[in-house]
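**Q** Here it is, the structure in full.
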Amino acid sequence: MNFFKQTLRELQAGVIICGILNIVIGMWFPKQMLPYVLGGLLGSVCALVMTDNMARAIAKAVADESKAVARMRFAYVFRYFLAIVVMLVACVSPYTNPIATFIGIFSIKFATYLAPLIHKINLKINPNALETDGSEDLEEEIIDDTSDVIGR
């Protein structure tokens, strides 16, 4: 597994952790518990879809640099459109709590701050979790080639 996929999985693990905390802590406060839980699930699933969309957009933009700006703009608009639609559904539906949905969508922001902690925990649990994807070898080849050109 390369570093990019591992980082995505750690970010998604942070979204899941924040979503669970949102549901567990928040379900004690509202009068109706089921809409809060469903809203939290809806927001967390939306955040997971948004992280996946972001990762796919970055991978495609890096692969084809000529269309990178257009791809990133489209992905950006799609993510915000998705968040708006999910929030509208949460506000209109009697089965979901819009506050829980909003916190679930925002869990992507909190998960970003949790990512270094999750990475440290992941490395303690599985020391071989970060396998090289060959980029280090490529970097050494580039350095060797430039030193040959320079004459060192």
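Taken together, the values in this text are just the output of simple stated rules run on the coordinates, not laboratory data. Keep in mind the model is a prediction, meaning the values are calculated, not measured. Cβ placement follows ideal geometry from the backbone for every residue including glycine, while neighbour counts extend to all protein chains displayed.
**Q** Could you give the semi-axes, largest first, of the ellipsoid that matches segment 3-150, computed as the square roots of 5 times the alpha carbon gyration tensor eigenvalues and rounded to whole Å?
**A** Gyration-tensor ellipsoid for segment 3-150: 38, 21, 8 Å.
**Q** Starting with the fewest neighbours, write out S44, S93, S66 ranked by other beta-carbon atoms found within 10 Å of each beta-carbon.
**A** The order, fewest Cβ neighbours first, is S66, S93, S44.
**Q** Trypsin sites (Lys or Arg not before Pro) within segment 2-56: which are DSSP loop residues with at most 16 other Cβ atoms inside 10 Å?
**A** When the trypsin sites (Lys or Arg not before Pro) of segment 2-56 are filtered for loop state and at most 16 Cβ neighbours within 10 Å, K31 remain.
**Q** Rank-order 79-87, 97-105, 19-27, 113-121 by packing density, defined as the average count of other C-beta atoms within 10 Å over each peptide's residues, highest first.
**A** Ranking the peptides 79-87, 97-105, 19-27, 113-121 by packing returns 97-105, 19-27, 79-87, 113-121.
**Q** Something else about it: How would you rank D52, D64, going from fewest to most other Cβ atoms within 10 Å of each one's own Cβ?
**A** Lowest count first: D64, D52.
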